[in-house]
Amino acid sequence: MRKSIVCKAMGILMAVTMMATGCASQSVKKPAETAAPKAEGTQAAGGETTAAAPAAQAEYNLIAAHVSTTEHSFQAGLEAFKREAEEKSGGRISVEIHPNGELGGNEDELVQKMATGTVDVIISAPSFMAQSVKEADILSLPYLFSDTEHWKKCMDGEPGQQISKLVEEESGIFHVLGYFKDGVRSMYTIKPVEKLEDMKDMKFRIQNSPTQIAFWSALGVQPTFVAFNEIYQALQNGVIDGAENSYSQIAQQKHYEVCKHITETEHDVATRFLLISADKYNSMPEDLRAVIDEAGKVATREQRDFDDQLGDKYKKEMADAGITFHQIDKQQLIDLTETIREEKAKELGLDEMYKTMKELK
């Protein structure tokens, strides 16, 4: 499996895309900015106090990348990871963060680059992870989670632990550090969508995932695949009629400038894997692996908190900008697609996990 992933990744030429970003908002409390490693008195793993080395002298330099802006919660999470890893290692670890799709404009590119050793730490959607570990795609199922609290019970409980183990054992490439949350996803469209019939034959951008294809096809749309950093242009040029994402992504990517309608389907509490290269992780001594694992836990907590703040903030900003929010019969959508969730879970060999997730509601 690993060999096929690496070969595939090396055969793909990937352009480096730079995307302009705005200044971070003052209204949302962001985790403290990453500081340089302390010159002295840093607490290292095991409780010993050691002098921190400059980044240039670090034993392990980690290249971290994500596709979102510096205002996004992904950036906040990686800054927390950088802070913890550098400080708690006494400067033996350094972390470089590359946002805005600098090292890959879509998350599947980052997955491929990790396979070839180009990047060390990434944030990836389950649909892109499923290209190497098919079971990960269960997390792409819309309406898998009833709300954020249900999502936390699943991802911080037995189901999340089982998925992490599957990803690590089947890929041989990834070590799971935690599960980030990318808001709650809803539809946004050029024309209003208020009922199921309004979706018929709509050219709708989704992630390339078998579970998502099945779900959206059942609702009558035409699933269309567009790279994340190309969505704005695709909307503007009429290549697609709409897409789905969290409020923070819709706002930060300026997609609401083209799509003036948001339908609150709230179909997905969006899961994102926080991953480190297994090769890089396993090359570290035990004390530094412990530092990395703990940094992942801290990053996960801080990212989720920041993500919660962003959702409310951006919904208000878009409403103030004239965006119309529409309601839809969500229970109709849930009932219509329940067999899809059951069949996909069984197809992935995870029907028992799906039952466990339902019991955690």
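With N set to the number of residues, divide the alpha-carbon radius of gyration of segment 230-314 by 2.2 N^0.38 Å and report two decimals.
The reported ratio for this selection is 1.52.
On a full-extension model of 0.36 nm per residue, what is the gain between Lys330 and Lys191, subtracting their alpha-carbon distance, rounded to one decimal in nm?
48.2 nm
Can you pull out the trypsin sites (Lys or Arg not before Pro) in segment 194-271 that DSSP calls coil and that have at most 14 other Cβ atoms within 10 Å?
Values: sites: Lys195, Lys200, Lys203, Arg205, Lys254, Lys260; in loops: Lys195, Lys200, Lys254, Lys260.
Here the sparse-neighbourhood loop sites are Lys195, Lys200, Lys254.
In whole angstrom, note down how far apart the Cα centers of segment 337-361 and segment 245-292 are.
So the two Cα centres are separated by 23 Å.
Can you give the FRET efficiency to the nearest 0.05 for Glu317 and Glu230, using r as the Cβ-Cβ distance and R₀ = 25 Å?
0.55
Collect residues whose amide H, placed 1.01 Å from N in the peptide plane, falls under 5 Å from the amide H of Val221; neighbours closer than 5 in sequence don't count.
Excluding prolines and chain starts, which carry no amide H, the hits are Asp201.
Long-range amide H contacts for Gly178: which residues qualify at under 5 Å (H placed 1.01 Å from N, peptide plane, sequence gap of 5 or more or a different chain)?
Leu274
Going by how many other beta carbons lie within 10 Å of each one, how would you line up Leu196, Leu103, Leu110, fewest first?
The most exposed by this proxy come first: Leu196, Leu103, Leu110.
How high is the relative contact order of segment 197-305, in percent, counting Cα pairs under 8 Å that sit 6 or more residues apart?
20
Karplus couplings for segment 219-229 from phi (6.51 cos²θ - 1.76 cosθ + 1.60, θ = phi - 60°), rounded to Hz, Gly and Pro as x?
Here the 3J(HN,Hα) series is 8, x, 7, 9, x, 9, 9, 9, 4, 4, 7 Hz.
Every read-out reported here was derived from the displayed coordinates using simple, explicitly stated rules and does not represent laboratory data. Keep in mind that this is a model prediction, so the values were computed, not measured. Positions of Cβ are generated from backbone atoms using ideal geometry, with glycine treated the same way; all protein chains shown enter the neighbour counts.
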